[in-house]
Amino acid sequence: MEGGVAADTRLPTPSLGRSSSSFRHRTQSLNILRLRRVFDLFDKNGDGEITIEELALALDRLGLGADTDDVRSTVAAYIPPGRAGLAFEDFDALHRALGDALFGGPAAMEEEREGEEGTVEEDMREAFRVFDEDGDGFISAAELQAVLAKLGLPEGRSIARVQEMICSVDQNSDGRVDFGEFNHMMQGITVWGA
């Protein structure tokens, strides 16, 4: 690594065809917000860096069974000298490189965008389906708790806390969140600096 730049050891970016709408979202501000949330979830000790161990643990909790040595070999080139882990900017660069390597670069993304309608709603529906584990069109407290627990979030340990979260979004008081309520909640999120 010369001059602090590790360009030669970073992931190659071959185009494997069209990008996947499930990997990349078309709204840049939503991309940054979602990536920041993922970063904050993976940064277990809240120090502003994701270590290789934290990343391997997060991937393992998501059921991806990541080997620490494999993660290290993929991620090491993105950690600047003198740092213990990935800062958000480094994590973003890794995310972009993985996306480019797997799904094609920004040009492929632009081609996919052309001619598509309703992409923000599609992205919202996709996000909703992550929580709606049984596919019945609603997010129950049990489903939200299961997802939070998979992510290792402390809120996932208390059904009472999860029920409070549901109630804060549940506009028709049926004890669960439908897509309209989920979409309304997501539209209310402010993205600073986007």
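The values are calculated or read from the model by the stated rules, or taken from the named source; none is laboratory data. From a predicted model like this one, the values you see are computed outputs, not experimental measurements. For neighbour counting, all protein chains shown are included, and Cβ atoms are generated from backbone atoms with ideal geometry for every residue, glycine included. These accessible areas exclude ligands, DNA and RNA; they are computed on the full protein's heavy atoms, side chains included. Shrake-Rupley method; radii C 1.70, N 1.55, O 1.52, S 1.80 Å.
Scanning the stretch 156-194 for residues that are more than 22 Å from Glu121 (Cβ to Cβ), exposed (fewer than 11 other Cβ atoms within 10 Å of the Cβ) and modelled with pLDDT of 75 or more yields Ala160, Ser168, Ser173. How about the stretch 40-70: which of its residues are of a type in the set (Gly, Ala, Ser), outside any helix (DSSP H, G or I) and buried (at least 17 other Cβ atoms within 10 Å of the Cβ)? Of everything in the stretch 40-70, just one residue is of a type in the set (Gly, Ala, Ser), outside any helix (DSSP H, G or I) and buried (at least 17 other Cβ atoms within 10 Å of the Cβ), namely Ala66. Pairing each residue of the stretch 141-155 that is free of Cβ contacts under 8 Å to residues at least 24 places away in the same chain and open to solvent by 50 Å² or more (accessible area, probe 1.4 Å) with any residue that is among the aromatic types (Phe, Trp, Tyr) and assigned to a helix (DSSP H, G or I), provided the two are 6+ apart or on different chains, yields no C-beta distance under 9 Å. Against the list (1) at pLDDT 60 or above; (2) outside any helix (DSSP H, G or I), the condition Val120 fails is (2).
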